[in-house]
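> Have a look at this one.
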Amino acid sequence: MPNSLTLLHVPDVLYERLKASAQFHGRSLNSEAIDCLKTALMPDWLAPIERLARARELRANLTQGAFAARVIDATKRQGRP
């Protein structure tokens, strides 16, 4: 069963950052706060959309043509029977 939590005395600057982050991600303040808590307290957990965004960012930063298909295939097969 989900639990409830009330936060008191949230500093204005923190509230504004949470609000801006929620708007950016298209979430409610509550959903954004839960996501921030998950990120801080469960660092191995990533929302699927965040995992996809990180993968796309990494891919965008790769130099085009820096990795030949044969090298990639050989690397994937390394250590396999």
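The values are calculated or read from the model by the stated rules, or taken from the named source; none is laboratory data. All of these numbers come straight from a predicted model, not from anything done at the bench. In this analysis, Cβ positions are derived from the backbone assuming ideal geometry, glycine residues included, and neighbour counts consider all displayed protein chains.
> Taking the stretch 21-64, which residues are polar (S, T, N, Q) and either in contact (Cβ under 8 Å) with a residue 60 or more places away in the chain or in contact with a helix residue (DSSP H, G or I) (Cβ under 6 Å, 6 or more places away or on another chain) (or both)?
Ser21
> If you don't mind, there's one more thing I want to ask. Select from the stretch 4-39 the residues that are among the aromatic types (Phe, Trp, Tyr) and more than 22 Å from Arg51 (Cα to Cα) and list them in ascending order. First the steps, then the outcome.
Here is the first cut: in the stretch 4-39, the ones among the aromatic types (Phe, Trp, Tyr) are 15, 24.
Within the stretch 4-39, just Tyr15 meets the criteria.
> For Arg17, which of the numbered conditions (1) modelled with pLDDT of 95 or more; (2) of a type in the set (D, E, K, R); (3) loosely packed, with under 10 Cβ neighbours inside 10 Å fails to hold?
With (1) modelled with pLDDT of 95 or more; (2) of a type in the set (D, E, K, R); (3) loosely packed, with under 10 Cβ neighbours inside 10 Å applied to Arg17, the lone miss is (3).
> How about the stretch 18-46: which of its residues are small (Gly, Ala, Ser) and part of a loop (DSSP other than H, G, I, E, B)?
Residues of the stretch 18-46 that are small (Gly, Ala, Ser), as a first pass: 20-22, 26, 28, 31, 33, 40.
The answer is Gly26, Ser28.
> Among residues belonging to the stretch 43-63 that are over 19 Å from His25 (Cα atoms) and modelled with pLDDT of 85 or more, point out the one that is nearest to the chain's Cα centre (by Cα).
Leu58
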